[in-house]
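Okay, structure first, notes after.
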Amino acid sequence: MKIKFWIASYFTLIFFAASAQTTSTNRTIATQQIRDLKNGALVVRLKTNDRSIEAYRKSGRPELADKLTEENKVQNQKLADAFKSFFDFCKVYLIYAKNTNALLQNKQNIFLNDTLALDTTIKLIEKTFFIAEYGTITSNVRTDEYHYKGVYHTEPSASTSSTSVIFISDTSLTQLKEPFPFYQSTYLGNYSKAVDDLNRNLHKAYFNLDNSVKEERRKLKEQLKNLK
């Protein structure tokens, strides 16, 4: 009986040790990502549903194609306006999602101005960037719902939750992990509040990081002082 107890206790300790190590690793990664984003840029991907629109036109249903085109235009403009008005954590760029391959290949001449028109004078100058878009949480797997062998395909590539969010991914199109504040839920298409909350959470995370660094430096100075 005692042997079973000690075996159970042993594996429990291993589990908690592994969990603690994972938490520590995630915190370290998130810390570096917060720094990188603050000193880098956020590229917002806007969806166009080109494949669906093209299918409607080919099937002789231009009215549905026009409706979807207009709906996309309105939603994309709302999202772009939200980032312009409520996001100042770092520099923001806009692209259409169909140009993601070009972005990841470091090509220019794909960025949009505030009215979502292509503007070749806009250049991505930051060396580090992350990607934001409207969609769903996918449990930290690759979130490229465009499957770049068929860039217009819009079937989700992983099982997702039912909550619509604005989320942040890295350049491998993998959603970031907590404790990085990588997503914010949206309700009834209220992008402004979601972007504002996301911006506030990023500032808060960076502020806490800065204070943590200061505290580490203070402790180090105290240790050096005691050695004298």
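In segment 180-191, how many are touching a residue at least 40 places away in the same chain (Cβ under 8 Å) and in a loop (DSSP other than H, G, I, E, B)? Residues flagged as touching a residue at least 40 places away in the same chain (Cβ under 8 Å) and in a loop (DSSP other than H, G, I, E, B) within segment 180-191 amount to 3. For segment 113-142, the candidate set comprises residues that are among the hydroxyl-bearing types (Ser, Thr, Tyr) and exposed (fewer than 13 other Cβ atoms within 10 Å of the Cβ); within that set, the residue that is modelled with the lowest pLDDT is Ser139.
I'm trying to understand the selection: among the residues of segment 102-140, which are in a strand (DSSP E or B) and among the acidic types (Asp, Glu)? Within segment 102-140, just Glu133 meets the criteria.
Here is a yes/no grid of residues against (1) more than 16 Å from the chain's Cα centre (by Cα); (2) at pLDDT below 95; (3) outside any helix (DSSP H, G or I); (4) closer than 16 Å to Gln32 by Cα:
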{"residue": "Asp144", "(1), (2), (3), (4)": "no, yes, yes, no"}
{"residue": "Glu155", "(1), (2), (3), (4)": "yes, yes, yes, no"}
{"residue": "Thr160", "(1), (2), (3), (4)": "no, yes, yes, no"}
{"residue": "Glu178", "(1), (2), (3), (4)": "no, yes, yes, yes"}
{"residue": "Lys193", "(1), (2), (3), (4)": "yes, no, no, no"}
{"residue": "Asn199", "(1), (2), (3), (4)": "no, no, no, no"}
{"residue": "Leu202", "(1), (2), (3), (4)": "no, no, no, yes"}
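Among the residues of segment 21-61, write down those that are assigned to a loop (DSSP other than H, G, I, E, B) and on the phi < 0 side of the Ramachandran plot. Within segment 21-61, Gly40, Lys47, Thr48, Ser59, Arg61 qualify.
Scanning segment 174-198 for residues that are touching a strand residue (DSSP E or B) at 6+ places or on another chain (Cβ under 7 Å) and over 14 Å from Gln75 (Cβ atoms) turns up Thr174, Gln175, Leu176, Phe182, Tyr183, Gln184, Ser185, Asp197, Leu198. Determine whether segment 68-88 contains at least one residue that is surrounded by 13 or more Cβ atoms within 10 Å (Cβ to Cβ), touching a strand residue (DSSP E or B) at 6+ places or on another chain (Cβ under 7 Å) and either among the acidic types (Asp, Glu) or without any contact (Cβ under 8 Å) to a residue 40 or more places away in the chain (or both). Taking every residue of segment 68-88 in turn, at least one turns out to be surrounded by 13 or more Cβ atoms within 10 Å (Cβ to Cβ), touching a strand residue (DSSP E or B) at 6+ places or on another chain (Cβ under 7 Å) and either among the acidic types (Asp, Glu) or without any contact (Cβ under 8 Å) to a residue 40 or more places away in the chain (or both).
The values are calculated or read from the model by the stated rules, or taken from the named source; none is laboratory data. Since this is a predicted model, take the numbers as computed values, not measurements. With ideal geometry, Cβ positions are generated from the backbone for all residues, glycine too; neighbour counts draw on all protein chains shown.
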